[in-house]
Amino acid sequence: MNEEDVKRRITDYQQAVGVNPLTCGNNSQHEKLYPKVLEQGLVLLCPNCKYTQTYIPDLFFDDGFYDWLRGMKNLS
């Protein structure tokens with residue numbers, strides 16, 4: 001799976017209803033993190049400050065991601 005596929009999954013997750021969004025490690029009240037490919041690879045960035053998260057949860061690399069996400073949407 002390439003970085004663009006993972007970016008798409010993260011974006012879909014962040015827009016989904018019924019999931020806990022990925023948030024800033026400095027201030028959870030900031031806007032949701034967004035994925036971006038930088039020199040060091042794929043990271044999550046806060047649009048409100050300079051917080052950068054390099055850890056991408058394994059969920060986004062799992063083949064069953066969209067099945068799981070559809071299941072979460074059905075719960076809400």
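The values are calculated or read from the model by the stated rules, or taken from the named source; none is laboratory data. Note that this is a predicted model, so its numbers are computed, not measured. Note that each Cβ is placed from the backbone with ideal geometry, even for glycine, and that neighbours are counted across all protein chains shown.
Tabulated data for the structure shown
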{"item": "Index of the failed condition, Ser76 passing every other in (1) modelled with pLDDT under 95; (2) in contact with a Lys or Arg (Cβ under 7 Å, 6 or more places away or on another chain)", "result": "(2)"}
{"item": "Leading residue by the ranking (farthest from Leu69 (Cα to Cα)) among those in segment 1-17 that are surrounded by 14 or more Cβ atoms within 10 Å (Cβ to Cβ) and of a type in the set (A, V, I, L, M)", "result": "Val6"}
{"item": "Segment 28-51, residues that are more than 16 Å from Met1 (Cα to Cα) and surrounded by fewer than 12 Cβ atoms within 10 Å (Cβ to Cβ)", "result": "Ser28, Gln29, Leu38, Glu39, Gln40, Pro47, Lys50"}
{"item": "Which numbered condition Asn20 fails, given (1) in a loop (DSSP other than H, G, I, E, B); (2) surrounded by fewer than 12 Cβ atoms within 10 Å (Cβ to Cβ); (3) more than 13 Å from the chain's Cα centre (by Cα)", "result": "(3)"}
{"item": "Positions within segment 40-57 being β-branched (Val, Ile, Thr), part of a loop (DSSP other than H, G, I, E, B) and free of Cβ contacts under 8 Å to residues at least 40 places away in the same chain, in sequence order", "result": "Thr54"}
{"item": "Check on Val37, in a loop (DSSP other than H, G, I, E, B) and among the aliphatic types (A, V, I, L, M)", "result": "no"}
{"item": "Yes/no for Thr54 being surrounded by 13 or more Cβ atoms within 10 Å (Cβ to Cβ) and modelled with pLDDT of 95 or more", "result": "no"}
{"item": "Whichever residue in segment 67-76 is loosely packed, with under 13 Cβ neighbours inside 10 Å and touching a residue at least 40 places away in the same chain (Cβ under 8 Å) and, among such residues, is nearest to Gln14 (Cα to Cα)", "result": "Lys73"}
{"item": "Test: Lys7 is of a type outside the set (A, V, I, L, M, F, W, C) and not in a helix (DSSP H, G or I)", "result": "no"}
{"item": "Residues satisfying the stated conditions in segment 5-28, i.e. more than 17 Å from Met72 (Cα to Cα) and either among the polar types (S, T, N, Q) or modelled with pLDDT under 95 (or both)", "result": "Thr23, Asn26, Asn27, Ser28"}
